[in-house]
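Here's the structure we're looking at; comments come further down.
The values are calculated or read from the model by the stated rules, or taken from the named source; none is laboratory data. Keep in mind that what you see is a predicted model, and the values were worked out from it rather than measured. Cβ sites come from the backbone with ideal geometry, for glycine too, and all protein chains shown count toward neighbours. With ligands, DNA and RNA removed, areas are computed over all heavy atoms of the protein, side chains included. Shrake-Rupley method; radii C 1.70, N 1.55, O 1.52, S 1.80 Å.
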Number of protein chains: 6
Amino acid sequence: MTIWLHTLITKTPQEGYELAVKLSRVAIKMTQPDAAIRERLRPEYAESFEALIGSSQIVATHFATVAAANGYWKDEP
Amino acid sequence: MTIWLHTLITKTPQEGYELAVKLSRVAIKMTQPDAAIRERLRPEYAESFEALIGSSQIVATHFATVAAANGYWKDEP
Amino acid sequence: MTIWLHTLITKTPQEGYELAVKLSRVAIKMTQPDAAIRERLRPEYAESFEALIGSSQIVATHFATVAAANGYWKDEP
Amino acid sequence: MTIWLHTLITKTPQEGYELAVKLSRVAIKMTQPDAAIRERLRPEYAESFEALIGSSQIVATHFATVAAANGYWKDEP
Amino acid sequence: MTIWLHTLITKTPQEGYELAVKLSRVAIKMTQPDAAIRERLRPEYAESFEALIGSSQIVATHFATVAAANGYWKDEP
Amino acid sequence: MTIWLHTLITKTPQEGYELAVKLSRVAIKMTQPDAAIRERLRPEYAESFEALIGSSQIVATHFATVAAANGYWKDEP
């Protein structure tokens, strides 16, 4: 199996945020592995504020985890 | 009763993520133990972005728990 | 009043998960104490993916609490 | 103003759970202070699984806070 | 700009809860800055249990933060 | 790529809240990168209490992270 998640540690908060976005997307792929179906759903999804808000909430939850893992990048300038 | 959850400790973050997915699915099985009904609901579910987002949020919540249990795998390279 | 919750400490992670399921159900009973109404709602509930996902999210939230209470069962083999 | 919340510390986990239920209800009263309207909404509410699940999720969030405040009642037998 | 949030520290748990309610309301004002529109939405909102539950969940999330900031007011009698 | 997130550390709780609002908005932009579509959705969004509540919940989740990162600004007067 492909390794897609090596570590939760990132150099900067922004990279941590991008990792949170990635973690959010993987669950959707694991629930609906058929890429064709996901592509079919995407337009409807991308124009629904409900879906945008739902995605944003998941990112927030993962970002909390990644930020804790990185000690909140407190040494960043 | 079958033991399906031995430990929250995993070797890698990715295995931790997979455990989070497993933890998410068990609650659905415990609420709706009838596999036939679950199977009947699955197609509708897998094509609903609302359901995909809901599942992804649950995975995120469990992943936070598993990551904390593992000290965020800080020794991973 | 009946004591239904003695402790958050469990021997294994799986018992902790089962406690999380129990904690989820109690809130529903306290909001709708009439067992007849709950029974009437159950079939509709058990066949709704939205309800299954909602329940699963609550279990995940309680499991986070129970897991923290148990120090994540780190001594488990 | 009436003091309705003296402390988050409770003697037992079950009392902590009851406090979490109380904390959940106060927000609803503060948002809709008119008791007559709340009473009018109650029947509809109590027969909606969506509402029961939503309430249960709020209780779970507050219970996490109360449990942490009490050090998870680790000295309980 | 007006300072509306000086500190997360409060003297009592109840004041902490009131701060959590305030924190919940600010996000709504920042998303919809037009007070006239907010007022127009209010009646519909205040009679919808879905909205009441949603608000209550946000208060619960902020209360967790405020309670942690205050060390759970453990010295309160 | 533009650096939009340098640090989670802010001078005051209010600046921390504003950062939480910013973190909430970025996820929406990353899911729907087309500004024209976002603008088209905005009016509908800004008049929907469901959307306002959803946004407010995301802000609350990010604020918890930012507050923890800042040690809850405990030295603030």
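Computed values, structure above
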item	result
Among F:Ala27, F:Ser48, F:Gly16 the positive-end extreme of the charge dipole of chain F (Cβ point charges)	F:Ala27
Number of partner chain Cβ atoms within 10 Å, mean per residue of C:38-46	3
Ascending list, in nanometres, of distances separating the B:Glu39 label from those of the other copies (7 Å, Cα toward Cβ)	3.0, 3.0, 5.2, 5.2, 6.0
Average partner coverage of B:23-35, which counts Cβ from other chains inside 10 Å	6
Net charge contributed by nearby residues that have their C-beta within less than 14 Å of D:Phe63 (K/R +1, D/E -1)	+2
Entries of B:Lys29/F:Lys29; F:Lys22/F:Lys74; A:Lys29/C:Lys11; A:Lys11/F:Lys22; C:Lys11/D:Lys11 with Cα pairs more than 27 Å apart	B:Lys29/F:Lys29; A:Lys29/C:Lys11
Stokes-Einstein D for segment C:13-71, Kirkwood Rh over Cα pairs, 10 °C, 1.306 mPa s (µm²/s)	129 µm²/s
Computed magnitude of the charge dipole of the protein assembly as shown (debye, nearest 20; Cβ of K, R +1, Cβ of D, E -1)	340 debye
Dipole in debye (nearest 20) - chain B, about Cα centre, beta carbon charges: Lys, Arg +1; Asp, Glu -1	200 debye
Accessible carbon and sulfur surface of segment B:13-71 relative to its total accessible area, %, 1.4 Å	55 percent
Cα centroid separation - segment E:21-58 against chain F, whole Å	17 Å
Shielding by partners - mean other protein chain Cβ count within 10 Å, residues of A:3-10	6
Kyte-Doolittle mean at least 1.0, axial Cα span of 27 Å or more - DSSP H helices of chain F	F:49-69
Cβ-vector label at 7 Å, E:Gly71, separations to other copies in nm	1.3, 1.3, 2.3, 2.3, 2.7
Largest-first principal axis extents, alpha carbons of the protein assembly as shown, Å	59, 59, 41
Ranked by how many other beta carbons lie within 10 Å on average, peptides A:49-61, C:8-20, B:42-54 from highest	A:49-61, C:8-20, B:42-54
